[in-house]
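The numbers here are math on the coordinates, done by the rules we state, and not lab data. Please read all numbers here as calculations on a predicted model, not as lab measurements. Don't worry about glycine lacking a Cβ; one is built from the backbone with ideal geometry, like all the others, and counts go over all protein chains shown.
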Amino acid sequence: MERKKDEKPVKSLNIDSLIGENIIISGKIKGSGNIRIDGTIEGDIDYNGSITLGGETGKVKGNISCENLIAAGRIDGNIIIKDAFTLLPTGTLVGDMEVKSLVIHENAKFDGNCKMIVQPDNVKALNPEKNGKKSK
């Protein structure tokens, strides 16, 4: 297959683990690296790395904690994402989220509360004062 001159190559995410479409796992999952879930997980996921909940067949019934999450499937549970969460057009989240960066695409479904994680070093005072005195 030949690429057009102005077409850029697609950067793919290296997948360390894959849970296939016809797989159902009941129980807690812990690990690290990059995982793609096309099947069903019934339990919590505590992951050091990125999770891709692929396609409409990917389902999680439990809480998720990870660094990055891209969801095209369904999540019934709360999520804590240390960096970025992307909810794609076919994605559904029923539960609360705590995230640093958030993208929700048109037609995605979200039913819950959202709390944005703010790093103290990223926050600047609106009215900086030096030694209790206002600067002139």
- Span from the the stretch 57-107 Cα centroid across to the the stretch 21-47 one, whole angstrom: 14
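What net charge do the residues around G55 carry, taking every other residue with its C-beta under 13 Å from that of G55, with Lys and Arg at +1 and Asp and Glu at -1? Intermediate values should be presented prior to the final figure.
Working: positive: R36, K59, R74; negative: E21, D38, E56.
With Lys, Arg at +1 and Asp, Glu at -1, the neighbours total 0.
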- From Cα coordinates alone, what are the radius of gyration and Dmax values for the stretch 17-117 in angstrom? 11.9, 35
- Item | Contact order relative to length of the stretch 16-106, as percent, for alpha carbon pairs under 8 angstrom and 6 or more apart | 19
